[in-house]
Structures are given as structure tokens and as C-alpha cells.
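Questions regarding the structure given below will be posed in turn.
Laboratory data are not the source of any read-out in this text; all were calculated from the coordinates shown. The structure displayed is predicted, hence computed values, not measured ones. Counting neighbours? That spans all protein chains shown, and the Cβs are built from the backbone with ideal geometry, glycine included.
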Amino acid sequence: MTSALALVSATAPAPAAVFAVDPLFLGGVGLEEVIIVAIKVVAAFTLLLLSVVFMIWFERKLISDMQNRIGPNVAGPFGVLQTLADGLKLFFKEDLLPAQSRRLVFKLAPYLSLVPAFITFAVVPVGGNFHDKQGVVSWWGNPTHLQVADPPVGVLLILAMSSVAVYGIMLAGWSSGSKYPLLGSVRASAQVVSYEAALGLSFLSVILVAGSLSTHEIVSTQTTYNWNLWVTGFVPFVIFMISATAELNRPPFDLVEAEQELVGGFHTEYSSLRFSLFYLAEFMNVVTMSAIIVTLFLGGPNGPILTDTADWVWGVLWFLVKLFVLLFTFVWFRATLPRMRYDQLMDLGWKVLIPFSLGWLLVLAAVDLGDDRDWNPAAVVAVSVGVFVVAMGLLQMAIRAGRQAPDIDDMAGPDGLAGPDGFVGTDGLAGADSLAETHMELEGRN
Amino acid sequence: MEVVVFIACAVICVTGAIGVVVANNPVHSALMLVATLFGVAVLFLTMDAQFLAAVQIIVYAGAIVVLFLFVIMLFGVYRSENLRVEPIAGQRPLSIAVAVSTLALAVIIVAVATGGSPTGQQAATEPLVDSVTVHSTSATEALTDNQPIGEEIFPNVEQLGRVIFTDYVWAFEITAVLLTIAVVGAIALARRQRGEEESAAPVSPAAAPAPAAAASAASAPIGSAAASATHTEEA
Amino acid sequence: MEVTTAWYLILGGVLFSIGSFGLLVRRNPLVMFMCVELMLNAVNLTFVAFGRDLGDIGGQAAVFFVLVVAATEVVIGLAIVVAVMRRQPDATADDISMLSG
């Protein structure tokens, strides 16, 4: 392939093609490409940080409106500088390193939560005119896309980064060297890992319909108002929203960081700048995940283009409007929905979302195949929905049978921690802050 | 440019590998393993295996090592073994000898097989090439070096999807069965029956999700890649 | 200087030998598992390198299957390690025989 890449640089194709075909610029790179990439990276970074600052303020203001209070109104007009004030306060707090903690991993963990959000935002198309120009804009004669990177496996990069984000949570809890963070982090990682499967399966419905893994292609197939929201049926969108809320540890799935339960969860022992990194990472993940939902289901920057000059601006505008709608929805969830218990959460993820998304994927695949082979669409839909219903019925019967023969895992633990993780401690495990010993201390025998 | 990327990734990989072997604390070993896995993923990218690079991160770094960390955290296995003590006399020097001779063997094979012209198909591998390329023609034509850039290059995912669902579909189905067996077996091994002494911490809630997530993450993208490949072909 | 297939193969060889050294020397079963993963990764690297060199996508397909089987093996292996560790939290590789009979 090296000679093929040599051909790429020899015939000097558009950098857009180079971005897609040659993500590591192995074929040679000139100063223009470097400058364009640098500008894009700085712009994406700035956009993401500004939207996080906005999101924090917006959440507090909106929740206070829904609860009939005023919310932040002291720092700046309508309290818009409240985030800045909070950040400064956190900056000046004392930076604690608990004596029992493991230093290096303790310091590393916030970055493992933060960096994946940035990288995920790099594959989101932020603007551009997709009606006529396939989202290509031209900067100083170089055609390029309005996204930092467009690898041919963009969607898999998103999944990969959400897998890496688990490390931040897990290592933060473990390295704190204390009970509540460890419990919180194990629960949080189990929750994130469980909902990743449902997330991936609803990604697949979109990929099936769009025919490509690249985010640019997915947005290109959604022009002229055939958004994936209704092309995939509404089910993948609903499953994706629920899974995304669980992935982000947002209410109603925020048991792991609920103050009434676990103090602060995995970030209990963090203070000052490190805590602010976690705080930032959480909201940044919300913004990034909303951007991904906009890209996959709501058509990304697609929308009516009303002027001809600077038509890419309209793309950016529509993207921001759709992003705002989704951020509003996430805040709305927080303001209105009660928190789910951990075992209810795991039940929902494993017994409802995964079978539904898998079944829906198979239905979509059958319909797609029937389209290609000119089968009768009504018959295809009827047969596949029939099989779907039968399969769901069998699953429900299996679940019911499983519930009737409980084993120790299903009973509530002696300290009232309901659900399958009622841990029972070992004896004689001294010294290490393992989960087993933690549980023993919680029960009061030690 | 390619040399710079290769050297950087090779340094990361080897440092990570040495870290896995040398670290006292198993958690540090796991983190060094993650570094190696990332290095290998970038090397996959340089070799145009983009799908494998992404799946490597999702499955290996994102599920398998997470599973390792769960087990380490649940059992508090940081009783770091004393690396200075050798239980079997002469084990350390013998192991070094084995490792060095393995490496020397690999280097000699590489030198003999490429014999001066590092790329290109030598006599030792030609029959293998012929017998394999006969089957997967349309997928492999896109990979040959003299493919002009103006023609359509099949995306890597599509090539992989085609070949897995046509040539290697048996292997695919058998690995699917294998994954199911693994999930069932893990849950069966990790659960506690009624009446068994309460002497252990169960791992099932943590262990079961990770492999199942790994399994579905690995098998599902290929499934839809092939589906989208067929769709675009017949559209 | 061009990066040829031989470079990738040598890197794979180095990773493999480091992994095999670790497997032979370490006694903690989890770290031994990680060394096995190192060796599998070295093999994957070699597969992809040859796949690109010979123009055959079968190399990448082989890596795909190796990846899936490695995941399976880790799951079962860790379940066994967990079963052993319940009895004796200090178990090393020598204690796996505890599971027999």
C-alpha cells in the first residue's frame, strides 16, 4: 500500500480525500494541511469548552426554572458567569492527596475521563452545506470538511473512546484507597459497560441504514429530511437516548454519584483542580454525546440553507439548534425523573434494551434485504415483527423461570444493599482495600 | 513520516511490554498492557487495518483489560510477589535464554524469507498466496500495490465483511457458538449455589457484563459491515 | 528509509519474546494472563503485516478471529482464577491443581 500512498501524494489530491484515506498522513504532508488541522483542532477545543461552560450554567438555570426558583443570578447578568466563579473557587481549594491513595494512578484518572470526550468530538461534523456541496468547504483553495477528522471507521472511534472512559471511573475509585469510591467506581463501571452493548447495537441500526461507518457519510445520507430518526424507526433513537443517559451517569441513572448513597461516588476523594477536571469531563461527555446523537439521528448540520454566500454557517447554526434541543432534554430528565435503583438499572440494560435493540436490528436487516430482493414489504414486516414478538415472549418466559429459582445472588444482602451485588465478605482478608473487606466494614464486623 | 510513527509506536509497545513483566503491582501491569495495546492499534492503522485498530481498542483495551481490573479490584491481589525469589533454581536465566532464542529465531526467519528484498512475494510463500487469492478475488484486488488511486478502493470494513461472511463463515459461526459457551460458562463458574458456604465475593455482576459486552462489540460491527456491503453492492 | 514488513515482524518477535519471558517468570496468574495477551498481540501484528504484504485480506480476518478467541479465553481463564482465589487469596499458578478432584 505504500506505493499506492505514494501515488496519493504524487497526484496531489484534495486533502479531504487524504483525511479519509490516509489518516496518519503517511503519504506526506505539506504546511497547508498542518495549518488547517491546527485551526480545526483549536476551533473544536474552543467550541467544546464554551459549550460545557454554557451547559453548566444552563442546567442550573433551567432546573431552577422548573422548580420555580431563580437559580444563579449573582455572578454576572442572569448568572452567566457562575461557571467561571465556580471554576475559580475550585482552583483555589486545597489540593488533597489522600495518604492511602496510589499517587500516580490517582493523578492520572481524571485525564482518562477527560481526553476521550475531546477525541470523540473530533469526528462530529459541525457544519457545512450538505445539500449541494456534500459538506465540503474550501479554505484557501483546499477542500476540507468541517470536522477535525473523518476516519472511515468514525463510529467505531466513538465506541472505542467510550470504552476508554471506563478507565477514568474505575481507576479513580480504586486509587482513592477508600471504601465509598471503590464501591462507587465498581458499580459505575459495571453500569457503563452494560449499557455500552445497547449503545453499540443501536449504532448498528444507524450504520445499517446509512451503509457506512464514517460520520460524514452518515450525515450525507440524511439530507432532504430523511433523518435516521424515522428511517430506522423510532426504536433505536429511544434506546440510544436511554443508553446514552446511563453511559453518562446522568439522572435518572446517577446512583453511583448520588450524594445520599455514596457521598460522591468515585470522585469523593478528589478536590480542587482534579475534581474540576471530573466535573468538566462529565459535562463535556454530555455535550459530546448530544453531538453524536445529532449526527446519527437528527441529521447533523442538515437543514434549510437560506443564503448562498457563507452557506456553511447555516449548517453550524442548525447543528447548534439541534444540540441545544438535546441538552435541554438531558436537563429535563434531571429535573423531572426520580433515580433508578441499581438492580432496576441493570435489569433495564440487560433484559430490556439489549434484546430490543438486537431484535430491532434484525427487523431492519430483514426489511433491508427484502427491499433489495423485491420481496413483498408487508409480508417481510409481518413475518419479522412476528418473529420478534415470539422471541420477546420466550425471553420473558426465561426471565420468569429464572426468577423462580433464586440463588444467593438474587437475595438482598445483609446490609440492605438490594439486588444481585449484595456482597458477602470473606474472612481473613486483611490489609488490602478490596471490595470484600469493604463490605465487612460496612456490616460492622471487622 | 511513516518511520517516525513506527518508531514512536514501537517504543510505546516495547516499554509497555517490559512494564507488564516488571511491574510489582498487577494494576500497573494492566495499565502498561493498555499502553502496548494502544501502540499496536496505531500500528494497525499504519497498515491500513482501520477496523481492526478500532476493534482492538474496543475489545482488548476496553473490555478485556477492564475485566482484568475488575478481578484485581475485587480480590485485592496486590500481594506483590517477591520478584527476587526464584522458586525453581535457574528459572530466570533459562527463561532469558528461551526468550532470546525465540527472538533470534524470528529474526533469522525474517532475514531468510525476505532475503534482501523486504517486500515482495518470495518463493517460500507463493503457493500460499495463489491458493488463498483464488477464493477472495474481489476483496483482495483492492489491496494489491498496483491499484491506481482513481478507481474505487473498497473500504477496509467492507473487504473484511465480505471475506468473513463468504470464505470464513464457518469460522465465524463457530466463534459465535464459542462466545455463547464462554458467557454461559463464566456465569456458571462464578455463581454461588444455594447452600454453598458464604465464603467468597461473587464476581458475576462484574464479570458477566464485560465479556458479553466484548462479545457483542466484536461480532456486531462485522455483522452490519457485511450487511451494508451487500446492500451497497446490490443498490 | 522505508518501513518494510520486516520491521513489523521484528517488532512482533520482540513483543512475543518479552511476553514469553514474562509468562515463564511471573507467578501471579493474572500477570501471566497479561503476558499471554502480549504474545497474542504480537501474533496479531504479524498477521496484519503479512496480510498487507501479500495483498490478502485473510490476514485481517485471522486477526479478527484471534481477537474473539482471546476474549473468550480471558473470560474462562479469569473465571477459573476467581474460583481458585475464593479458597486461597494468595494463589499462584502452582495452586491451580487445587481445583482437581
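So what is the 222 nm mean residue ellipticity for chain C from helices alone, if each DSSP H run of at least 4 adds -39500 (n - 2.57) and you divide by all residues, rounding to the nearest 500 deg cm²/dmol? It would help to have the intermediate numbers written out before the result.
Details: 3 runs with 76 residues, N = 101.
Rounded to the nearest 500, the figure is -26500 deg cm²/dmol.
Could you compute the FRET efficiency for A:THR336 and A:PHE54, with r as their C-beta to C-beta distance and R0 at 25 Å, rounded to 0.05?
Working: r = 21 Å, r/R0 = 0.85.
After rounding, the FRET efficiency stands at 0.75.
Nearest 10 degrees is fine. How inclined is helix C:58-87 to the longest principal axis of chain C, computing both from alpha carbons?
The helix C:58-87 is inclined about 10 degrees to chain C.
What pairs in A:LYS61/A:LYS179; A:LYS322/A:LYS351; A:LYS133/A:LYS322; A:LYS107/A:LYS179 have C-alpha atoms more than 23 Å from each other? Spell out each step's value before the answer.
Working: A:LYS61/A:LYS179 34 Å; A:LYS322/A:LYS351 31 Å; A:LYS133/A:LYS322 21 Å; A:LYS107/A:LYS179 18 Å.
Beyond 23 Å between Cα atoms: A:LYS61/A:LYS179; A:LYS322/A:LYS351.
If you add up the charges near A:MET340, with Lys and Arg at +1 and Asp and Glu at -1, over every other residue whose beta carbon is less than 10 angstrom from its beta carbon, what do you get?
Local net charge: -1.
Averaged across C:76-88, how many Cβ atoms of other chains sit within 10 Å of each residue's Cβ atom?
The shielding value for this peptide is 6.
Counting only other chains, and only Cβ atoms inside 10 Å, what mean value do you get across the residues of A:161-172?
Average per residue, whole number: 4.
I've got another one for you. Remind me, relative contact order of the stretch A:228-369 in percent, using alpha carbon pairs under 8 angstrom and six or more residues apart?
31 percent
Can you give the angle from 0 to 90° between the axis of helix C:29-53 and the longest principal axis of chain C, with both taken from C-alpha atoms, to the nearest 10?
For C:29-53 against chain C, the angle is about 20 degrees.
For A:LYS61, what charge total do you get from the other residues with a beta carbon under 14 Å from its beta carbon, if Lys and Arg give +1 and Asp and Glu give -1?
It works out to a net charge of 0.
Just need the relative contact order of the stretch C:5-99 here, percent rounded to a whole number, with Cα pairs under 8 Å and 6+ apart. Don't skip to the end; give the middle numbers.
Values: 80 pairs, mean separation 26.9, N = 95.
So the answer I get is 28 percent.
Between A:ALA379 and A:GLU32, how many nm apart are label points set 7 Å from Cα along the C-beta direction?
5.6 nm
Sequence gap at least 6, Cα distance under 8 Å: using those rules, report the relative contact order of the stretch B:1-80 to the nearest whole percent.
Normalised by residue count, the contact order of the stretch B:1-80 is 30 percent.
Assuming a ≥ b ≥ c are the square roots of the Cα gyration tensor eigenvalues, decide whether the stretch B:1-80 counts as rounded (a/c under 1.5), prolate (otherwise, with a/b larger than b/c) or oblate. All intermediate terms of the calculation are to be shown ahead of the outcome.
Numbers: a/c = 5.40, a/b = 1.68, b/c = 3.22.
Oblate is the answer for the stretch B:1-80, as a/c is 1.5 or above yet b/c matches or exceeds a/b.
Hey, got the average number of other protein chain Cβ atoms within 10 angstrom for residues in B:101-111?
Per residue, the average neighbour count from other chains is 5.
Which of rounded, prolate or oblate describes the stretch A:297-404 when judged by the alpha-carbon gyration tensor and an a/c cut-off of 1.5?
It is oblate, given that a/c is not under 1.5 and a/b is not larger than b/c.
Could you list B:CYS13, C:CYS35 so that the one with the fewest beta carbons within 10 Å of its beta carbon is first and the one with the most is last?
So the residues, fewest neighbours to most, are C:CYS35, B:CYS13.
Moving on to the next point. Under 11 Å from a point placed 7 Å out from the Cα of A:LEU395 along the Cα-to-Cβ direction: which residues of the stretch A:172-214 have their backbone N that close?
It comes to A:198, nothing else.
From the residues A:SER212, A:PHE266, A:VAL235, which one has its Cα farthest along the dipole of the stretch A:204-280 in the positive direction, the dipole being from +1 and -1 charges on Cβ of Lys/Arg and Asp/Glu about the Cα centre?
Projecting each Cα onto the dipole axis, the largest value belongs to A:SER212.
Rank these for me by crowding, A:VAL256, C:VAL31, C:VAL36, going from fewest to most other beta carbons within 10 Å.
C:VAL36, A:VAL256, C:VAL31
If a/c stays under 1.5 just call it rounded; otherwise compare a/b with b/c (prolate if a/b is bigger, oblate if not). Do that for the stretch A:2-340, with a ≥ b ≥ c from the square roots of the Cα gyration tensor eigenvalues.
Cα axes put the stretch A:2-340 in the prolate bin.
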